[in-house]
Amino acid sequence: MHQIVFNEISASEVSAIPTLEQLELISGFKVDQAFLDGEKEDPSFGVVERDGKKIFRYRSRDYRIYFTMEDGAVVVQRVLHADSLKDFLFRSGMGSGSEDQKLGNSRSFWKLIEAGEQARRQ
């Protein structure tokens, strides 16, 4: 089991979610080392990559948790509602492909993630 660390932005995003939905989201968020090592596939998890940089995605109902692994800890960079991602992809004019592929090609998405990475951890 990995320690989960939220930065200021992701903590704020989680706190904006209704309490029962928060509990459901966090209780299902269990990062399996076999997935991280590429030994196991899980439809709830994905990887977004660009220029050698990798960020993991956990999908639970209407929310997406984007996280990195740092020193054995799960560092949550952003927590986004699926509707906000659909709107983002629409506004960005992203074409066909999976959600993860589209995000991997989007500079705006990586700027969003970088803002999370630069935020102080809670």
Tell me the net charge near PHE45. Cut-off is 14 Å between Cβ atoms, PHE45 excluded, with +1 for each Lys or Arg and -1 for each Asp or Glu. -2
Cα lying deepest toward the dipole's positive end in the chain, options ALA73, SER44, SER108, charges on Cβ: SER108
Given the chain reduced to its alpha-carbon atoms as identical point scatterers, what log10 I(q)/I(0) does the Debye formula return at q = 0.10, 0.11, 0.14 Å⁻¹? -0.28, -0.35, -0.57
Within 9 Å, Cβ to Cβ, of PHE67, how many net charges do the neighbouring residues add up to if Lys/Arg are +1 and Asp/Glu are -1? +2
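Any read-out appearing in this document is the output of simple, stated calculations on the displayed coordinates, not a laboratory observation. Not measured: the values here are computed from a predicted model. Here the Cβ is made from the backbone with ideal geometry for all residues, glycine too, and neighbour counts use every protein chain on show.
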